[in-house]
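Below is one structure, written out as structure tokens; the observations come after it.
Only the coordinates and a few stated rules stand behind these numbers; no lab work does. Not measured: the values here are computed from a predicted model. Cβ sites come from the backbone with ideal geometry, for glycine too, and all protein chains shown count toward neighbours.
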Amino acid sequence: MKINSLAKLGGVALVTGLILAGCGSKSSQSKKQEISWMTPSPIATMDTSKMTDLYSAQVANGTNEGLLRIAKDNKVNPGVAKSYSVSKDGLTWTFNLRHSKWSNGDPVTAKDFVFSWQRTVNPKTASQYAYIFANVKNADKISSGKMAVSKLGVKAEGNYKFVVSLSKPQSYFKYMVTQPEFFPQNPKTVAKYGSSFATNATKNSYNGPFILKGWNGTNDTWTLTKNKNYWDAKSVKVKDVKFQAVKTPSTALNSYNSGKLDFTTLSGTLAANNKKNKDYTVYPQASTSYMEFNTKKIPALRNTNIRKAMALAIDKKQMVNKVMQGGDITPKGFVPADMAKRSGKDFANEAYVKAGTDYNLKEAKALFAKGMKQVGKKSLSLTLLGADDDDTKRATEFVQSQLTKLPGLKVTNQNIPFKSKLTRAQNQQFDLVLSAWIADYPDPSNFLDLMTSDNPQNDGKWSNKQYDALMKKSETTDANNESARWSDMVQAEKLLMNQQGLVPLYQQGQAALIKPSVKGVQPFPTSPQYDWAKAYVK
Amino acid sequence: MAKYLGKRIFYIILTLFIVSTITFFLMKLMPGTPLTNQAKLTPTQIHQIYKQYGLDKPVWQQYLVYLGGIIHGNFGTSFQFSNQPVSYLITSRLGPSLIIGGQGMVLGVLAGLIVGAVGAIRANTWVDTSATIISILFISIPSFVLAVLLQYYLGLKLRLFPIADWGGFMYTVLPTLALAASPLAETARFMRTEMVDVLSSDYIELAKAKGLNKVGIIYHHALRNSLIPVVTIIGPLAVNIMTGSMVVENIFSIPGIGEQFVKSILTNDYPTIMGLTIVYSAMLCVVLLITDIVYGLIDPRIRINK
């Protein structure tokens with residue numbers, strides 16, 4: 001019998017382990033230019049044609065660079081393009097590229113952009129983000145397989161001039177080209193690795209402030225190391241940004257408190273418990289959680305008074321402060337605050353309609369009674385659909401408790417897995433649904449387009465001719481007139497709120513802890529959320 | 001023995017085939033799409049992408065294509081990790097899971113045997129009572145609660161072990177402890193009951209009567225005979241560890257496979273679900289086979305000699 005000796009061995013190992021642990025812990029506090037960054041998810045892919053998730057996009061924004069680089073306060077900085085010009089009709093965008101290099105020494109040229117954009121819209125690539133190219137000439141026809149890839153409205157004039165033809169003017173195209181889908185790809189690298197391109201850190205080439213190291217394709221740790229070949233390398237101060245994917249929020253917090261992480265996100269009660277921590281901060285996100293009404297299925301929901309009553313019955317302040325508890329913010333409307341700005345003015349403030357996001361139970365009851373009379377109903381029984389994650393569950397429970405305060409309204413909740421919820425919402429299999437949208441680029445249209453009558457993402461099929469006309473005008477006659485376009489969209493948002501086409505519940509905010517010694521990390525309300533190019537440790 | 005092994009391996013393959021077939025069709029019944037960007041795609045766009053992945057074909061056709069792939073050793077590529085072969089996804093993340101799972105199992109069973117045996121030898125004394133309390137505690141506390149407690153006290157407060165992450169033996173200690181708790185408790189309970197039975201049986205009385213010393217009796221007669229039934233629970237314990245590791249890996253940020261399994265189901269990552277189902281089933285089959293062989297080694301009466 002070996003049990004006894006094995007047990008002894010185990011005991012010895014345990015004791016040795018304990019002693020070694022004591023030796024191993026050291027508390028060195030040096031000012032190394034190194035940041036330990038927590039991320040909730042591993043990298044899904046580094047192939048910018050295939051990227052769909054925020055966390056991969058964050059890394060890509062560190063390791064690669066597009067024509068322009070997203071900057072603070074809705075601005076764009078020069079990236080690979082030194083400068084750009086837009087034709088009078090807004091259809092032709094010409095980018096003048098600088099002489100810059102890939103991490104393997106190859107020059108970054110206009111051809112690399114042509115190659116990459118064509119690759120993404122190519123149906124063979126099966127990119128889930130190809131739709132974002134919709135306004136580039138012929139992109140839709142190409143991605144649906146009806147036209148040759150070479151017909152895409154992009155061309156390289158020499159090595160350093162890149163010209164894009166759009167099918168309709170798009171004043172916010174400058175934001176689009178800052179996103180990973182629009183980054184260049186080194187054709188040689190793609191050809192060399194074929195289907196395994198970008199499936200680990202070495203099978204890729206980089207043209208951004210950092211290069212990726214230590215990612216084997218599936219692991220949870222990797223490092224962004226300063227890229228010496230980056231054109232602006234002299235302004236990159238941090239040497240390494242070390243990433244750790246931590247999926248359990250409490251683990252991340254423990255690691256942060258032990259000094260192993262310099263940054264961690266917080267959610268729910270963990271955020272609430274840490275609000276007094278001096279390292280606590282909230283980054284507003286260009287993301288709104290809202291409730292949609294199925295006007296196609298439930299005739300009563302076509303009544304504006306009923307919709308308004310339901311909106312007024314929900315106390316959004318209480319929802320944010322007492323129920324959600326994280327970094328979320330009370331909404332100002334459908335378009336999030338701090339996302340889109342024009343001459344220093346925030347779109348959300350310009351288009352603010354008090355009634356759209358207010359709470360007034362008395363008025364709600366009156367409006368509801370009025371609306372029910374108009375539709376000739378005594379009672380209304382509705383199902384509220386939502387995903388089954390903790391946050392959404394809390395949200396649906398709260399909304400239910402608020403709505404049932406309206407006499408004659410009965411609400412039952414249904415929480416199902418996120419993807420099933422999406423499918424049902426898209427097929428109008430719901431009465432009320434909690435949805436969320438996060439902007440791809442910081443332009444109000446990114447949200448407002450969702451509510452036009454023929455938009456496939458308009459789950460509740462709310463429809464308003466005036467709204468459609470305003471949105472159309474912003475894309476056609478006013479497309480090249482920035483202020484007219486802005487005012488079209490302001491009017492559209494006001495209309496949406498006055499008609500209560502949906503109920504904004506809260507704007508998402510990312511609560512986080514960040515060490516005071518870490519400076520210069522630039523947060524954004526849209527993807528990629530953070531930029532470390534100017535970060536340093538003090 | 002060789003014939004027996006051959007037969008068992010044939011059954012294992014048959015089991016795997018049935019399991020993977022059932023899983024495939026059940027998985028296709030799951031609502032939702034494997035697209036990671038579903039919220040932003042229109043039904044037409046979804047259809048186009050489906051076509052590229054061959055997901056627009058009838059399910060039975062997809063199944064045949066899948067089977068064909070497996071026969072050629074191709075598990076397909078993951079949907080979550082674009083272009084990443086599922087076989088690589090599994091092999092690159094299986095190691096840590098096996099390490100903490102194996103360590104948890106060995107530690108749990110060995111400690112459980114000791115606790116159980118000591119409890120039985122000192123039956124109905126304070127030693128026995130404490131052993132029982134330990135078992136009940138470890139059975140009732142779910143591994144994820146224990147994991148969080150271990151992490152907070154031993155990791156953050158006492159700084160004895162790393163809080164999370166992966167990189168050497170020290171990083172495996174806390175997850176191993178968290179996983180070992182449940183097998184420890186189960187084994188201890190089983191061992192105690194068996195050993196109390198054995199210790200009161202006639203041949204032990206006889207051995208005592210012959211004047212053998214206590215240590216000799218326990219070591220040579222009681223322990224070995226008590227082990228036989230305990231071996232039978234190793235299979236269920238292995239399942240316990242596998243499911244427990246899905247949560248424990250998450251809490252300790254271990255780059256393992258358990259957490260991937262859960263995530264692949266939540267994201268409808270069909271190829272990964274299939275690959276991992278087969279791997280998990282195969283591991284379980286192998287554990288059961290080993291258990292049966294070990295069974296024969298301990299108990300001569302059921303030794304396989306045909």
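This ranking places A:H99, B:H72 by how few other beta-carbon atoms lie within 10 Å of each, fewest first, which gives B:H72, A:H99.
Amide H contacts for A:E65 (H built 1.01 Å from N in the peptide plane; partners 5 or more residues away or on another chain; cut-off under 5 Å): A:N207, A:G208. Averaging 1/r over every pair of different alpha carbons in the stretch B:225-274 and inverting the result gives a Kirkwood radius of 12.5 Å.
Model label points for A:Y280 and B:T232, set 7 angstrom from Cα along the Cα-to-Cβ axis, are 5.6 nm apart. Measuring max minus min along each principal axis, the C-alpha atoms of the stretch A:172-258 give extents of 43, 32, 31 Å (largest first).
For the stretch A:285-511, the residue among A:G376, A:A351, A:S474 whose Cα projects farthest onto the positive side of the dipole built from Cβ charges is A:G376.
Given 0.36 nm per residue, what is the gain on full extension from A:Q429 to A:S258 after removing their alpha carbon distance, in nm?
Working it through step by step, the gained length comes to 56.8 nm.
P(r) tail for the stretch A:104-205, what percent of Cα pairs lie past 24 Å? Kindly include the intermediate steps, with their values, before the conclusion.
Values: 1084 of 5151 pairs.
That tail contains 21 percent of the Cα-Cα pairs.
What are the trypsin sites (Lys or Arg not before Pro) within the stretch A:75-123 that DSSP puts in a loop, where the Cβ has at most 13 other Cβ atoms within 10 Å?
For trypsin sites (Lys or Arg not before Pro) across the stretch A:75-123 that sit outside H, G, I, E and B with at most 13 neighbouring Cβ atoms in 10 Å, the list reads A:K88.
Evaluate the relative contact order of chain A (contact order divided by residue number), counting alpha-carbon pairs under 8 angstrom at least 6 apart; express in whole percent. For chain A, the relative contact order is 19 percent. Working note: 222 nm ellipticity from helices only, DSSP H runs with n ≥ 4, each -39,500 (n - 2.57), summed and divided by the residues of chain B, gives -24000 deg cm²/dmol to the nearest 500.
Cα-based Rg of the stretch B:90-268 per 2.2 N^0.38 Å, rounded to two decimals?
Values: Rg = 18.9 Å, N = 179, 2.2 N^0.38 = 15.8 Å.
Taking the Cα Rg and dividing by 2.2 N^0.38 Å, one obtains 1.20.
Estimate the FRET efficiency between B:H47 and A:A484 by the formula 1/(1 + (r/R0)^6), using the beta-carbon distance for r and 41 Å for R0, to the nearest 0.05. About 0.65, to the nearest 0.05. In order along the stretch A:136-146, the phi-based Karplus estimate (6.51 cos²θ - 1.76 cosθ + 1.60, θ = phi - 60°) of 3J(HN,Hα) comes to 6, 3, 6, 4, 5, 5, 5, 6, 9, x, 9 Hz; Gly and Pro are listed as x. Separation of the stretch A:449-515 from the stretch B:86-151 is 56 Å, based on Cα centroids. With the alpha-carbon atoms of the stretch B:122-214 aligned to their principal axes, the span from lowest to highest coordinate is 56, 26, 19 Å, starting with the largest.
Using Cβ point charges alone (K and R +1, D and E -1), the dipole size of the stretch A:51-167 about the Cα centre works out to roughly 260 debye. For B:I233, B:I71, the sequence from fewest to most other C-beta atoms within 10 Å is B:I71, B:I233.
A:S381 to A:N455: FRET efficiency via 1/(1 + (r/R0)^6), r the Cβ-Cβ distance, R0 35 Å, to the nearest 0.05?
Values: r = 28 Å, r/R0 = 0.81.
Once rounded, the FRET efficiency stands at 0.80.
Computed about its Cα centre, the charge dipole of the stretch B:132-247 is approximately 300 debye, with only Lys, Arg, Asp and Glu carrying charge at their Cβ.
Is chain B best put as rounded, prolate or oblate by its Cα gyration tensor, with a ≥ b ≥ c the root eigenvalues, rounded for a/c under 1.5, and otherwise prolate when a/b is larger than b/c, oblate when not?
Details: a/c = 3.20, a/b = 1.73, b/c = 1.85.
The shape class here is oblate.
Per residue Cα convex hull volume for the protein assembly as shown, in cubic angstrom?
Details: hull volume 163.9 nm³, N = 844.
Residue-normalised Cα hull volume stands at 194 Å³.
Extents of the stretch B:1-129, largest first, come to 72, 45, 27 Å (Cα atoms, principal axes, whole angstrom). Backbone geometry of the stretch A:354-366 corresponds, through the Karplus equation with coefficients 6.51, -1.76 and 1.60 at θ = phi - 60°, to 3J(HN,Hα) couplings of 4, 4, x, 10, 6, 10, 7, 5, 4, 5, 4, 4, 4 Hz, x marking Gly and Pro. Remark: the Cα gyration tensor places the stretch A:236-282 in the prolate category, a/c being 1.5 or greater and a/b exceeding b/c. Dipole of the protein assembly as shown (Lys/Arg Cβ +1, Asp/Glu Cβ -1, origin at the Cα centre): which of A:Y506, A:P284, A:Q428 lies farthest to the positive side? The residue sitting farthest along the positive end of the dipole is A:P284. Approximating the spin labels as points 7 Å out from Cα along Cα→Cβ, the A:K88-to-A:K188 distance works out to 4.3 nm.
Remark on the stretch A:218-365: hydrodynamic radius 19.4 angstrom, per the Kirkwood mean of 1/r across alpha carbon pairs. Remark: mean inter-chain Cβ contacts per residue of B:253-263 equal 3, using a 10 Å Cβ-Cβ cutoff to other protein chain atoms.
The slack between A:D53 and A:K373, meaning 0.36 nm per residue of separation minus the straight C-alpha distance, is 110.6 nm. Rounded to the nearest 20, the Cβ-based charge dipole of chain A about its Cα centre (Lys and Arg +1, Asp and Glu -1) stands at 460 debye.
Quick one: compute the contact order of the stretch A:406-538, relative version, from alpha carbon pairs under 8 angstrom and 6+ residues apart, as a percent.
Details: 105 pairs, mean separation 22.0, N = 133.
Normalised by residue count, the contact order of the stretch A:406-538 is 17 percent.
Divide the volume of the convex hull of the Cα atoms of the stretch A:285-511 by its number of residues and quote the answer in cubic angstrom per residue. Spell out each step's value before the answer.
Working: hull volume 25.1 nm³, N = 227.
Residue-normalised Cα hull volume stands at 110 Å³.
Cβ crowding within 10 Å ranks A:D358, B:D202, A:D488, A:D315 as B:D202, A:D358, A:D315, A:D488, fewest other Cβ atoms first.
Backbone N atoms of the stretch A:391-421 closer than 17 Å to the 7 Å Cα→Cβ label point of A:S41 belong to residues A:391-392, A:417-421.
Distance between the modelled labels on A:K124 and B:I139, one decimal in nanometres: 6.1 nm (7 Å Cα→Cβ projection). Set Lys and Arg Cβ to +1 and Asp and Glu Cβ to -1, take the dipole of chain B about its Cα centre, and tell me which of B:P229, B:S253, B:M191 lies farthest positive. Of the candidates, B:P229 comes out farthest on the positive side.
Based on alpha carbons, the Rg and Dmax found for the stretch A:343-474 are 16.8, 50 Å.
For the stretch B:90-268, what does the relative contact order come out to in percent, with C-alpha contacts under 8 Å and a separation of six or more? Show your work: numbers first, answer last.
On the way: 230 pairs, mean separation 62.3, N = 179.
Over the stretch B:90-268, the number comes to 35 percent.
You can think of it this way: the chain between B:T243 and B:I18 has 78.9 nm of extra reach, that is 0.36 nm per residue less the Cα-Cα gap. Once the Cβ-Cβ distance of B:I290 and B:L26 is raised to the sixth power relative to R0 = 35 Å, the FRET efficiency obtained is 0.80.
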